[in-house]
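The values are calculated or read from the model by the stated rules, or taken from the named source; none is laboratory data. Here the structure is a predicted model, which is why all the values come from computation and not from measurement. No Cβ is skipped: glycine too gets one built from the backbone with ideal geometry, and neighbour counts run over all protein chains shown. All accessible areas refer to the heavy atoms of the entire protein, side chains included, with ligands and DNA or RNA removed. Shrake-Rupley method; radii C 1.70, N 1.55, O 1.52, S 1.80 Å.
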Amino acid sequence: MREFILRALKARTTPDFKMADLAGAGRMDLVCRAISNALWIANSMRRDTIIHACMDGARLPPKTVSFNGETLRGANPDERSIGGLIRKALGAGETLKLNESLESSPGITVSKKAFERLVREKSETSELYYLHKKGEDIRNVKFGENVCFVFGDYIGMPRKTEGLLDRFGAKRISLGPTMLFASHCSVIIHNELDRREIK
């Protein structure tokens, strides 16, 4: 299984945002792009992939919305469609208590779960990797079957959070010498892993 954890520090955690202004909802447009690029490929979807968007913006943080490619149905890769599914999930999860979760649509889960809790859970079941410009080149890293990649949005990852990732054993890896948009990262990682699976 391939998993991605995007930490979106300003992304809105309540459904009261306008679909015509996803950028104004704490750059929800970037979150939607990252989800689309992690899951959709030409004429198909990556059924072996899950992406978690950990959002800490106004007004009810934390919230994590997870898209599971294996069970996701009736979704489209455009930002507006994904934004609508996130808004639906946030609406369904408004009254969740800490660490509670529910499925808002097939393949989409919303939880009142903090980034730190999710990372801790994934560190127990998967190889954990943190995308960092000074990390080891991805082309020199050997990956196992279950991998989880952690990355930040346009704000980056707070230093305190980097320390937490270190404590959970996350290995720092780099995707190359050029800083990329968050939404590009999963595409590069998928390509690298795809090429290794070619027989």
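Every test in (1) closer than 29 Å to ASP194 by Cα; (2) open to solvent by 10 Å² or more (accessible area, probe 1.4 Å) is passed by GLY69 save one, and that test is (2). Whenever a residue of segment 6-35 is closer than 26 Å to VAL119 by Cβ, its partners that are modelled with pLDDT of 95 or more and of a type in the set (S, T, N, Q), lying with C-beta atoms within less than 7 angstrom and at least six residues away or across chains, give the pairs LEU30/SER183; ARG33/SER183; ALA34/SER183; ALA34/SER186. Only one entry in ARG47, ARG27, ARG87 is in contact with a Gly (Cβ under 8 Å, 6 or more places away or on another chain) and open to solvent by 50 Å² or more (accessible area, probe 1.4 Å), namely ARG47. How about segment 110-123: which of its residues are under 17 Å from PRO61 (Cβ atoms) and open to solvent by less than 50 Å² (accessible area, probe 1.4 Å)? Within segment 110-123, VAL110, SER111, LYS112, LYS113, ALA114, PHE115, LEU118, VAL119 meet the criteria. Starting from residues that are open to solvent by 90 Å² or more (accessible area, probe 1.4 Å) and either touching a helix residue (DSSP H, G or I) at 6+ places or on another chain (Cβ under 6 Å) or assigned to a helix (DSSP H, G or I) (or both), keep the ones in segment 125-145 and report whichever is farthest from ILE50 (Cα to Cα). Step by step, filter segment 125-145, then rank; the result is ASN140.
Which one of these does CYS148 not meet: (1) open to solvent by 20 Å² or more (accessible area, probe 1.4 Å); (2) not in a loop (DSSP other than H, G, I, E, B); (3) not basic (Lys, Arg)? Exception for CYS148: condition (1).
A quick yes/no check of all residues on (1) modelled with pLDDT under 95; (2) under 25 Å from LYS10 (Cα atoms):
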position: PHE143; (1), (2): no, no
position: GLY152; (1), (2): no, yes
position: LYS160; (1), (2): yes, yes
position: GLY169; (1), (2): no, no
position: SER174; (1), (2): no, yes
position: SER186; (1), (2): no, yes
position: ASN191; (1), (2): no, no
position: ASP194; (1), (2): no, no
position: GLU197; (1), (2): yes, no
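If I go through segment 92-124 residue by residue, how many of them are part of a helix (DSSP H, G or I), among the small types (Gly, Ala, Ser) and either under 21 Å from ASP48 (Cα atoms) or within 14 Å of the chain's Cα centre (by Cα) (or both)?
As a first pass, look at segment 92-124 and keep what is part of a helix (DSSP H, G or I): 92, 115-123.
The next check asks that each one be among the small types (Gly, Ala, Ser); those that pass are 92, 123.
Of the ones still in play, those that are also either under 21 Å from ASP48 (Cα atoms) or within 14 Å of the chain's Cα centre (by Cα) (or both) are 123.
Number of matching residues: 1.
In segment 8-55, which residues are part of a loop (DSSP other than H, G, I, E, B) and touching a helix residue (DSSP H, G or I) at 6+ places or on another chain (Cβ under 7 Å)? The answer is ALA11, ARG12, THR13, THR14, PRO15, PHE17, LEU22, ALA23, ARG46. When restricted to residues that are hydroxyl-bearing (Ser, Thr, Tyr), more than 17 Å from LEU6 (Cα to Cα) and either touching a residue at least 12 places away in the same chain (Cβ under 8 Å) or in a strand (DSSP E or B) (or both), segment 56-91 contains 1.
Pick from segment 171-186 the residues that are part of a helix (DSSP H, G or I), open to solvent by less than 70 Å² (accessible area, probe 1.4 Å) and of a type outside the set (S, T, N, Q): which of them is farthest from THR125 (Cα to Cα)? Checking each candidate, the answer is ALA182. Taken together, the residues in segment 151-170 that are open to solvent by 50 Å² or more (accessible area, probe 1.4 Å) and over 17 Å from the mean Cα position of the chain (by Cα) amount to 6.
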